[in-house]
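Only one structure is covered here, and it is reproduced in the block below.
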Amino acid sequence: MDRVKSSMQQVPNAIPKVIRRTGGANSLELEKENFERGQAVSINKAINTQEVAVKEKHARTCILGTHHEKGAHTFWAAVNRLPLSSNAVLCWKFCHVFHKLLRDGHPNVIKDSMRNKADLTDMSRMWGHLSEGYGKLCSIYLKLLITKMEFHIKNPRFPGNLQMSNRQLEEAGENDVNNFFQLTVEMFDYLECELNLFLGVFNSLDMSRSVSVTAAGQCRLAPLIQVILDSSHLYDYTVKLLFKLHSCLPADTLQGHRDRFQEQFKKLKSLFYRSSNLQYFKRLIQIPQLPENPPNFLRASALSEHISPVVVIPAESSSPESEHVVETDDLVDTDIPVLPAAQETKFDDLFGTTAAADPFNFNNQNGMRKDDKDRLIEQLTREIQSLKDELESFRIESGRLCQALRGRVNELEAELAEQSHLRLQAVGEAEFLKAELDDLRRVREDTEKEQRSLTEIERKAQANEQRYTKLKEKYTELVQSHADLLRKNAEVTRQMTVARAAQDEVEAVRREMQEKVKAAQEATDRQEKAQQEQLHELQRELMSSRTELESLKSTVTSSQQSSEVLSTQMVALESEKAELVQSLSKVEAELVVRGEELQQVQTSLAAERETGVKTAEALQNQLNEKESREQALESQLAAARWSSLQGAVEEAERTIKDSVAQIEDPAHISCTSSAEYLASRCQASLDCVDRLAPALETYLADNAAVSELVRAVTQCGHLVGDTIVQGSATSHMVPVEKADALSESVKACGAEALSLLGAMKQRDGLSSADGSKLKASLRVILDTAEKLRPRGLELQQGELGDLVEQEMASTSAAVESAAARIEEMLNKSRAVDTGIKMEVNERILASCTELMQAIKELVLSSKDLQRDIVESGRGAASMKEFYAKNSRWTEGLISASKAVGWGATVMVDAADLVVQGKGKFEELMVCSHEIAASTAQLVAASKVKADQDSPKLHRLQHASRGVTQATAAVVASTKSGKSQIEETETMDFSSMTLTQIKRQEMDAQVLVLELETRLQKERERLGELRKKHYELAGVAEGWGEGEEGAG
């Protein structure tokens, strides 16, 4: 028996093995994780900071990865973690790998990469600040990649590798010459970017050395293989498209295309020739040679002479570096293992097949008889068969479970793929919104910078004004000092004149003295001559007459005495002469001193005059520089003001164009608006246009007053755009004829607004800008809106204001009357009813009384809040004028007040019937719900124009919650009373016979059917009543005017 037991334990061991083999459901996640890890390793190996060419096997792994996942999400997830903006070599190799993916990767690579266009543009702009090295090359390469993505997005028929047949090229233009013309221009732009990269790489290399065999040179030359492949296709397609265009358009129209093609042909031919001579390209690619002369597009037969350039890439031999392609097998083993024949015969191997073949004698060993052994063998055989059947059922069940699990795995994989796709879409949208937010932030920062620069300019202008004032004061002081110097100069000149007069007088005295001395000398000479003559005469007399000796002696004596007198006179004259010479020397010394003083005064005066002239010239130069700076600042300030005005005009123009474009948008058809709101928008636009004219006149008189004009233009653009959109939305709610007229008026308004803004964009046309046509268009729209306004509740100002007060008073009176009636019914019920009925009636009437008190509190709170709204919003107008101005709000208050008063009256009537036993509890509950809805309408109408922080509004909301609670109490008490009344009416069928019970059962079934039919009819009737109620209520909103106009 032990052997039998051990054999039974060995059979079911196959079941856990089957279960274990179904545990590979997570292998898909493992495969995805291995795929992402392998892609990340290949991307990091391909894009690194080493200045060597990208290895082909790593790039090919990235390409295969895009085909495996059908997109580039993994690639961009890995690339976004790389510091591309900090290392130029890393960015260059990224551009090379990305170019390969765009050419040979999955078609979805281009779509997935467009989300990163803004980042690539910013990176290109950043690297563009460098003038040499990899930085400039990265900027050019990124512009090429962006152009390539945009080209393929605009022309989705073109694959990434640009390989197309002639028939596909014809289909790309859709047999439209305009499409071919535009496609040619885009190909020119695309090829221009390719040529720029070609030239940039060659200009950055030193061609005097063998740069193509160095690692650094190969790193720069490797991406040109992709450029050569793209350029050959673009050249071929451009030639074919130009022949196509020349067959459809005049030659003069395509002169620009031919000139641009000639220029690009020369560049491409030269670059192909230079590339073919490099040793690096000879073993990797066979570069075609272009013809000597470009094709003659004016001769149609020249197309047959055109030979498409073919780039040949030699077949790569398999190398150890070639990557292995992962073949994904079925990771979930769903096969059911089949027990081998050895296991099926395990029992026979252990115990033997039959007793005859058994070499052992079990009868002798066990002491059992042959019949017992046969029975045991049969029993064990049956057990084995049952175990086999059970095992087979386990197999079937496990197979079914495996199949179900595999189906579930497939479902989960599909859900996972869908969730991944949704997540990627959400990430893309988030990135796109983030990019838009960054753009908006940059625009806001630019605007703030411009505002700050304008403020800085104004501050500098004020500082210059102050500096100019100080310079003016300094200049006044210098002018005053100059005048003082001139006065001092005049005084010195006068003193010099006096000194010169004194000198002239001294000179005259000296001349006079000299003349006197000369006259004295002449007199002395004359006397000496006379004396000599007398002496000769005396001698002659002495010689002639000696006889007269005595007389002669006396004469000699007298002559000697006269000579002594003359000598004395001579001595006196000599002393007088010496005194005159001494006085003359003193005068001359004094004149020399005066001359030196005069010379010093003249020198100081000349120095002061020269200093004053230099100072005046310096001040004049400073004044001229200040005036020139002021003129420059004025010109800059005027340019800034004009730029801000043009920015506002362009913004307003974009707003109006966007509004006009929304009219034609099919999605706008579902938008609706009311005529009253359109009229308010039109009136606001007219007021803004009225403010625009004086602001424009003020700006023309003084361009410093630009801020008011900018605000007026911006506000006018937004209001007119809003008027256009609301006019179009209102046209969707009116009859066809009126809708067409309104749409035409709106479009004419948009055209006039754009015309006015276009005139304001020119300096010459600014003075002639006239908004009268725009005002006329707005008045037409306003008149149309006034005609379309609802006429259901048109009342005079006095009537509308009085009606509000009357309705609120009548509502309060109705609530008071209802409360009094409920109190009267409660007293009557206490006098008449007893027991459960009196208890139910008291509870219901008490809850109704509480509801009436809550409604009364609500009405009072609403009246206080309305009074507060009217006082705060009417301004100088009267209360009735305020109600008339806000007629829609007033009509809402009137409607809500009527509903509350009517609900209170109806609920009192229903409660009276219930108390008398003639009514239904359901009517009372319906009335309670109707009162709750009416009070909610009154609260909503009151809250529309109320201040959110108003304490009276909080009081109204508190009263509204009280009404809601009281309504719930009425419904609860009604339901409780109904259940108590129904419990008293117990069903006693003990005295009825079988025939009577059968009859009652049939009557009950008939009644149930009748009630169900009646219930269905009443529901339909309720639906029709609600529809009619909406139609009647829509009169106040103008819903029915369209039908009246159509009729």
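Details
Yes/no matrix, rows are residues, columns are (1) open to solvent by 70 Å² or more (accessible area, probe 1.4 Å); (2) more than 30 Å from ASP119 (Cβ to Cβ); (3) in a helix (DSSP H, G or I); (4) not acidic (Asp, Glu):
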site	(1), (2), (3), (4)
LEU405	yes, yes, yes, yes
GLN419	yes, no, yes, yes
ARG423	yes, no, yes, yes
ALA461	no, yes, yes, yes
LEU485	no, yes, yes, yes
VAL492	no, yes, yes, yes
VAL498	yes, yes, yes, yes
ARG510	no, yes, yes, yes
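- Of all residues making up segment 746-770, the number that are open to solvent by less than 20 Å² (accessible area, probe 1.4 Å) and either of a type outside the set (A, V, I, L, M, F, W, C) or touching a strand residue (DSSP E or B) at 6+ places or on another chain (Cβ under 9 Å) (or both): 2
- Test: residue in segment 191-203 that is charged (D, E, K, R), in contact with a Leu (Cβ under 7 Å, 6 or more places away or on another chain) and open to solvent by less than 40 Å² (accessible area, probe 1.4 Å): yes
- Verdict on LEU221 being crowded, with 20+ Cβ neighbours inside 10 Å and out of contact with any strand residue (DSSP E or B) (no Cβ under 8 Å at 6 or more places or on another chain): yes
- Check on VAL939, open to solvent by 40 Å² or more (accessible area, probe 1.4 Å) and at pLDDT 75 or above: no
- Test: residue in segment 700-718 that is in contact (Cβ under 8 Å) with a residue 12 or more places away in the chain, crowded, with 22+ Cβ neighbours inside 10 Å and farther than 21 Å from ALA638 by Cβ: yes
- Listed by first and then second residue, the pairs with beta-carbon distance under 7 Å, at least 6 apart or on different chains, first residue in segment 756-772 and in a helix (DSSP H, G or I) and modelled with pLDDT of 75 or more, second open to solvent by less than 80 Å² (accessible area, probe 1.4 Å) and of a type in the set (D, E, K, R), are LEU757/GLU653.
- Filtering segment 174-192 to residues that are touching a residue at least 24 places away in the same chain (Cβ under 8 Å) and more than 35 Å from the chain's Cα centre (by Cα) leaves only VAL177.
- Matching residues in segment 249-278 - criterion: being closer than 17 Å to PRO295 by Cβ and in a loop (DSSP other than H, G, I, E, B): LEU249, ALA251, LEU254
- Criterion (at pLDDT 85 or above, more than 30 Å from GLN218 (Cβ to Cβ) and surrounded by 12 or more Cβ atoms within 10 Å (Cβ to Cβ)) met by exactly one of PHE297, PHE265, PHE272: PHE297
- Output for segment 625-677, where each listed residue is touching a Lys or Arg at 6+ places or on another chain (Cβ under 8 Å), open to solvent by 30 Å² or more (accessible area, probe 1.4 Å) and within 16 Å of LEU454 (Cα to Cα): LEU633, TRP642
- Total residues in segment 642-672, condition in contact (Cβ under 8 Å) with a residue 12 or more places away in the chain and outside any helix (DSSP H, G or I): 2
- Count - residues of segment 808-822 that are under 19 Å from SER862 (Cα atoms) and charged (D, E, K, R): 1
- Taking first residues from segment 144-166 that are part of a loop (DSSP other than H, G, I, E, B) and partners that are modelled with pLDDT of 90 or more and β-branched (Val, Ile, Thr), the Cβ contacts under 7 Å between residues at least 6 apart in sequence or on separate chains come to GLY160/ILE110.
- Leading residue by the ranking (least open to solvent (accessible area, probe 1.4 Å)) among those in segment 512-538 that are more than 25 Å from GLU579 (Cα to Cα) and modelled with pLDDT of 75 or more: GLU533
- A Cβ distance below 6 Å, combined with a sequence gap of six or more or placement on separate chains, defines the contacts here; from segment 960-982, residues that are over 13 Å from CYS848 (Cβ atoms) reach residues that are modelled with pLDDT under 80 and open to solvent by 50 Å² or more (accessible area, probe 1.4 Å) in the pairs GLN980/ILE836.
- Scanning segment 103-135 for residues that are open to solvent by 60 Å² or more (accessible area, probe 1.4 Å) and in a loop (DSSP other than H, G, I, E, B), we see that the one that is nearest to PHE151 (Cα to Cα) is PRO107.
- The residues on offer are LYS863, LYS837, and the sole one that is at pLDDT below 70, in a helix (DSSP H, G or I) and basic (Lys, Arg) is LYS837.
- Any hit, segment 428-444, residues being open to solvent by 70 Å² or more (accessible area, probe 1.4 Å), among the aromatic types (Phe, Trp, Tyr), in a helix (DSSP H, G or I) and modelled with pLDDT under 80: no
- The number of residues in segment 942-960 that are open to solvent by 30 Å² or more (accessible area, probe 1.4 Å), in contact with a helix residue (DSSP H, G or I) (Cβ under 9 Å, 6 or more places away or on another chain) and assigned to a helix (DSSP H, G or I) comes to 5.
The values are calculated or read from the model by the stated rules, or taken from the named source; none is laboratory data. Computed from a predicted model, the values in this text were never measured in an experiment. FYI the Cβ positions are ideal-geometry reconstructions off the backbone, even for glycines, and counts take in every protein chain you see. Each accessible area value is taken on the protein alone, full model and side chains, heavy atoms only, with ligands, DNA and RNA left out. Shrake-Rupley method; radii C 1.70, N 1.55, O 1.52, S 1.80 Å.
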